[in-house]
Amino acid sequence: MPPEPDGRYGLRPVTRADLKLIRQWLTRPHVAAWWGDTETEIGQIGEHIDSISVEPLIVEFKGRPIAYLQSYDPHLEDGHPYADQPFGTLGIDLTIGEPELIGIGHGPAILRQFAEELFEEGAPRVIIDPDPANARAIRAYEKAGFRPIGRRTSQYGDVLLMALDAGGEEEDD
C-alpha cells in the first residue's frame with residue numbers, strides 16, 4: 001500500500017482511546033526491538049497528550065491509523081541533550097505500527113510531509129535520533145532527506161542524531 005498519489009497522510013492528535021492501539025503496536029516485534037518497556041512507554045505517551053513540549057500524533061492512511069508520530073521541542077525541557085541545536089529546532093519520532101506497511105515508502109513520505117509542515121510553521125531544523133543499529137530506520141530517514149550530524153549518548157541511550165534543515169540548508173552542527 002504505497003502512499004496516495006498526492007502523498008498526503010492524515011495527522012491527528014493522539015487521544016486516550018488511541019493508547020490501546022499504540023500499546024498493540026509497541027508489542028509487535030518490529031517495534032518492540034527499538035522501544036523500551038511497553039507500559040512505561042504507554043504511560044509517557046499518555047502524559048504527552050496534555051504536554052506543551054511534546055505533540056503526539058496518529059498518522060492515518062486512507063482513514064486507517066498506521067503510525068505513531070510525535071514532535072518535541074528540546075528547548076522546553078531542562079537539560080535536554082539536544083538543546084544545543086539551533087533555537088526553534090524540533091525533534092520527531094516515527095513508528096509505523098503495521099508490519100505490512102514497512103519498507104514500501106511510507107516512512108520517508110510521512111517524514112517529508114511532516115517536516116515540510118514544521119518548516120512552514122517556522123522550524124529551522126528537524127532532528128531525529130535512531131539507534132545506530134537500526135539500519136532500516138536510518139535508511140528511511142536518509143531517503144526523507146535527513147543527514148547524520150553525530151552520535152550521542154544520553155538518557156535515551158546511544159543514538160545517531162540526524163538533521164533536516166529548512167530549505168535544504170546545512171547549518172553548523
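Residues satisfying the criterion are absent from the stretch 107-117 (criterion: aromatic (Phe, Trp, Tyr), in contact with a Ser or Thr (Cβ under 8 Å, 6 or more places away or on another chain) and in a loop (DSSP other than H, G, I, E, B)). One residue stands out in the stretch 158-169 among those that are more than 16 Å from Ile92 (Cα to Cα) and either acidic (Asp, Glu) or touching a residue at least 24 places away in the same chain (Cβ under 8 Å) (or both): the one that is most open to solvent (accessible area, probe 1.4 Å), namely Glu169. Is one or more of the residues making up the stretch 94-101 touching a strand residue (DSSP E or B) at 6+ places or on another chain (Cβ under 8 Å) and either loosely packed, with under 13 Cβ neighbours inside 10 Å or within 15 Å of Phe146 (Cα to Cα) (or both)? The answer is yes; a qualifying residue exists.
Let's see how each residue does on (1) touching a Pro at 6+ places or on another chain (Cβ under 6 Å); (2) hydrophobic (A, V, I, L, M, F, W, C):
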{"residue": "Glu60", "(1), (2)": "no, no"}
{"residue": "Tyr72", "(1), (2)": "no, no"}
{"residue": "Ala83", "(1), (2)": "yes, yes"}
{"residue": "Leu94", "(1), (2)": "no, yes"}
{"residue": "Ala109", "(1), (2)": "yes, yes"}
{"residue": "Phe114", "(1), (2)": "no, yes"}
{"residue": "Ala123", "(1), (2)": "no, yes"}
{"residue": "Ile138", "(1), (2)": "yes, yes"}
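Asp131 meets the stated requirement of being assigned to a loop (DSSP other than H, G, I, E, B) and of a type in the set (Asp, Glu).
Might you let me know whether the stretch 114-122 holds any residue that is exposed (fewer than 13 other Cβ atoms within 10 Å of the Cβ), without any contact (Cβ under 8 Å) to a residue 24 or more places away in the chain and either touching a Cys at 6+ places or on another chain (Cβ under 8 Å) or more than 24 Å from Tyr9 (Cα to Cα) (or both)? Looking through the stretch 114-122, none of the residues is exposed (fewer than 13 other Cβ atoms within 10 Å of the Cβ), without any contact (Cβ under 8 Å) to a residue 24 or more places away in the chain and either touching a Cys at 6+ places or on another chain (Cβ under 8 Å) or more than 24 Å from Tyr9 (Cα to Cα) (or both). Residues that are at pLDDT below 95 and either outside any helix (DSSP H, G or I) or buried (at least 16 other Cβ atoms within 10 Å of the Cβ) (or both) within the stretch 12-41 comprise Val31, Ala33, Trp34, Trp35, Gly36, Asp37, Thr38, Glu41, listed in sequence order.
Within the stretch 42-55, the only residue that satisfies the criterion of being among the β-branched types (Val, Ile, Thr) and open to solvent by 50 Å² or more (accessible area, probe 1.4 Å) is Ile52.
Checked against the criteria, Ile58 does not count as free of Cβ contacts under 8 Å to residues at least 40 places away in the same chain, open to solvent by less than 30 Å² (accessible area, probe 1.4 Å) and among the β-branched types (Val, Ile, Thr). Scanning the stretch 61-80 for residues that are surrounded by 17 or more Cβ atoms within 10 Å (Cβ to Cβ) and in a loop (DSSP other than H, G, I, E, B) turns up Asp73, His80.
The values are calculated or read from the model by the stated rules, or taken from the named source; none is laboratory data. Keep in mind that what you see is a predicted model, and the values were worked out from it rather than measured. No Cβ is skipped: glycine too gets one built from the backbone with ideal geometry, and neighbour counts run over all protein chains shown. The accessibility values were calculated without ligands, DNA or RNA, using every heavy atom of the protein model including side chains. Shrake-Rupley method; radii C 1.70, N 1.55, O 1.52, S 1.80 Å.
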